[in-house]
Amino acid sequence: MDKKPVESTPLLEVKNLQTAFSINDSWHNAVDDVSFQVGRKRIVGVVGESGCGKSVLSLSVIGLLPKVNSQIRSGSVLFNGKNLTRLSEDEMNDVRGKDISMIFQEPMTSLNPVLTIGYQLQEVLFNHMNISKAEAREKSIALLKSVGISRSEKLIDEYPHQLSGGMRQRVMIAMAVACQPKLLIADEPTTALDVTVQAQILELLKEIQESNDMSIIMITHDLGVVAEMCDEVIVMYGGKIVEHTDVDTLFYAPKHPYTKA
């Protein structure tokens with residue numbers, strides 16, 4: 001029997017993306033003519049100094065830029081062949097959480113301090129699944145267990161301030177993978193955590209990626225994280241991509257002076 005051919009079409013294809021912010025009545029590019037692809041079941045790292053456009057790039061992909069003072073000026077973001085930049089807000093709400101999810105930088109500020117962990121997890125499920133309250137609670141407990149939280153039955157009724165940084169980050173990961181998205185954007189998911197917890201979170205992300213056949217865009221400052229996690233790396237500087245290569249080449253034969261530095 002012939003083997004089934006591997007899908008060669010990328011999951012995500014960003015073409016000539018230009019994202020700008022309005023400052024004093026003039027537009028300034030934070031992401032400037034950026035093009036790249038993310039293959040299926042691949043982990044792509046995005047590295048660069050603060051202010052280089054990493055987070056703005058991720059927010060452009062998922063459609064969460066503040067509409068008051070920013071816009072995608074040109075280019076396209078194709079997810080499974082569908083141009084996300086042309087979708088309405090309601091259509092993007094269907095995509096976000098279900099097909100593309102994001103783990104934000106600060107779990108303490110990303111979680112609502114006045115709502116229980118269970119309420120926030122179930123909200124994601126209700127938005128994308130037709131399930132009862134009892135089923136949502138049961139699934140939320142299972143999700144918390146899947147990210148290594150043992151006392152899930154109690155924690156589901158607790159508030160974010162009652163959890164450690166590592167536990168809050170695990171909750172954020174549970175929320176992000178609740179609907180088994182095909183693409184996960186992780187924006188510096190280990191920044192505020194100590195080294196031991198960092199290693200646990202990275203191992204957890206790798207396990208979830210492999211079990212769900214998921215692609216990940218890993219935004220980070222840490223080249224150690226890149227070496228541990230990624231298949232390929234995008235290096236950004238001044239809103240542009242200056243190098244896009246596989247991990248081995250990045251460490252052993254970098255081409256751009258900024259990458260070398």
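The values are calculated or read from the model by the stated rules, or taken from the named source; none is laboratory data. Everything numeric here is computed off the predicted structure, so don't read it as measured data. Heads up, the Cβs are rebuilt from the backbone with ideal geometry, glycines too, and the neighbour counts pull from every protein chain shown.
Go through the stretch 111-165 residue by residue and tally those that are closer than 16 Å to Lys98 by Cβ, of a type in the set (S, T, N, Q) and in contact (Cβ under 8 Å) with a residue 24 or more places away in the chain.
Residues of the stretch 111-165 that are closer than 16 Å to Lys98 by Cβ, as a first pass: 121-131, 136, 139, 143.
Retained after the next criterion (residues that are of a type in the set (S, T, N, Q)): 122, 127, 130.
Retained after the next criterion (residues that are in contact (Cβ under 8 Å) with a residue 24 or more places away in the chain): 127.
So the answer is 1.
Given the options Ser55, Ser76, name the one that is assigned to a strand (DSSP E or B) and either hydroxyl-bearing (Ser, Thr, Tyr) or surrounded by fewer than 19 Cβ atoms within 10 Å (Cβ to Cβ) (or both).
Selected residue: Ser76, the only one of Ser55, Ser76 that is assigned to a strand (DSSP E or B) and either hydroxyl-bearing (Ser, Thr, Tyr) or surrounded by fewer than 19 Cβ atoms within 10 Å (Cβ to Cβ) (or both).
Looking at Val171, is it within 16 Å of the chain's Cα centre (by Cα), crowded, with 23+ Cβ neighbours inside 10 Å and within 22 Å of Ala30 (Cβ to Cβ)?
So Val171 fails the test.
Of the conditions (1) part of a loop (DSSP other than H, G, I, E, B); (2) β-branched (Val, Ile, Thr); (3) under 18 Å from the mean Cα position of the chain (by Cα), Val61 fails just one. Which one is it?
(1)
For a quick check of your reading of the model, give me the residue pairs whose first member lies in the stretch 199-220 and is more than 21 Å from His244 (Cα to Cα), whose second is in a strand (DSSP E or B), with beta-carbon atoms closer than 6 Å and at least 6 apart or on different chains.
Pairs that qualify, where the first residue is more than 21 Å from His244 (Cα to Cα) and the partner is in a strand (DSSP E or B), are Gln209/Ile216.
Would you please name the residue that is nearest to Ile219 (Cα to Cα), looking only at residues in the stretch 194-203 that are surrounded by fewer than 19 Cβ atoms within 10 Å (Cβ to Cβ) and at pLDDT below 90?
It comes out as Ala199.
Kindly evaluate Gly48 against the criterion of being closer than 21 Å to Thr220 by Cα, surrounded by 20 or more Cβ atoms within 10 Å (Cβ to Cβ) and modelled with pLDDT under 95. Can you show your working first?
Working: closer than 21 Å to Thr220 by Cα: yes; surrounded by 20 or more Cβ atoms within 10 Å (Cβ to Cβ): yes; modelled with pLDDT under 95: yes.
Here the answer is yes, as Gly48 does meet what is asked.
Quick one: which residue in Ser60, Ser88, Ser74 is more than 20 Å from Thr190 (Cβ to Cβ), among the small types (Gly, Ala, Ser) and without any contact (Cβ under 8 Å) to a residue 12 or more places away in the chain?
Matching residue, one of Ser60, Ser88, Ser74: Ser88.
State whether the residues of the stretch 20-31 include one that is touching a His at 6+ places or on another chain (Cβ under 9 Å), more than 30 Å from Tyr159 (Cα to Cα) and surrounded by 20 or more Cβ atoms within 10 Å (Cβ to Cβ).
Of the stretch 20-31, the ones touching a His at 6+ places or on another chain (Cβ under 9 Å) are 20-22.
With more than 30 Å from Tyr159 (Cα to Cα) added as a condition, the list becomes 20-22.
Okay, now just the ones that are also surrounded by 20 or more Cβ atoms within 10 Å (Cβ to Cβ), so 20.
Looking for residues that are touching a His at 6+ places or on another chain (Cβ under 9 Å), more than 30 Å from Tyr159 (Cα to Cα) and surrounded by 20 or more Cβ atoms within 10 Å (Cβ to Cβ), one finds at least one in the stretch 20-31, hence yes.
Could you please give the count of residues in the stretch 211-254 that are basic (Lys, Arg) and out of contact with any strand residue (DSSP E or B) (no Cβ under 6 Å at 6 or more places or on another chain)? Step through it out loud before you land on a result.
Keep residues of the stretch 211-254 that are basic (Lys, Arg), which gives 240.
Within this subset, residues satisfying the condition of being out of contact with any strand residue (DSSP E or B) (no Cβ under 6 Å at 6 or more places or on another chain) are none.
Residues that pass the stated criteria total 0.
Could you grab me the full set of residues in the stretch 215-238 that are out of contact with any His (no Cβ under 9 Å at 6 or more places or on another chain), surrounded by 19 or more Cβ atoms within 10 Å (Cβ to Cβ) and not hydroxyl-bearing (Ser, Thr, Tyr)?
Our first condition is that a residue be out of contact with any His (no Cβ under 9 Å at 6 or more places or on another chain); within the stretch 215-238, this holds for 215-231, 236, 238.
Keeping just the survivors that are surrounded by 19 or more Cβ atoms within 10 Å (Cβ to Cβ) gives 215-220, 225-226, 229-230, 236.
The answer is Ile216, Ile217, Met218, Ile219, Val225, Val226, Met229, Cys230, Met236.
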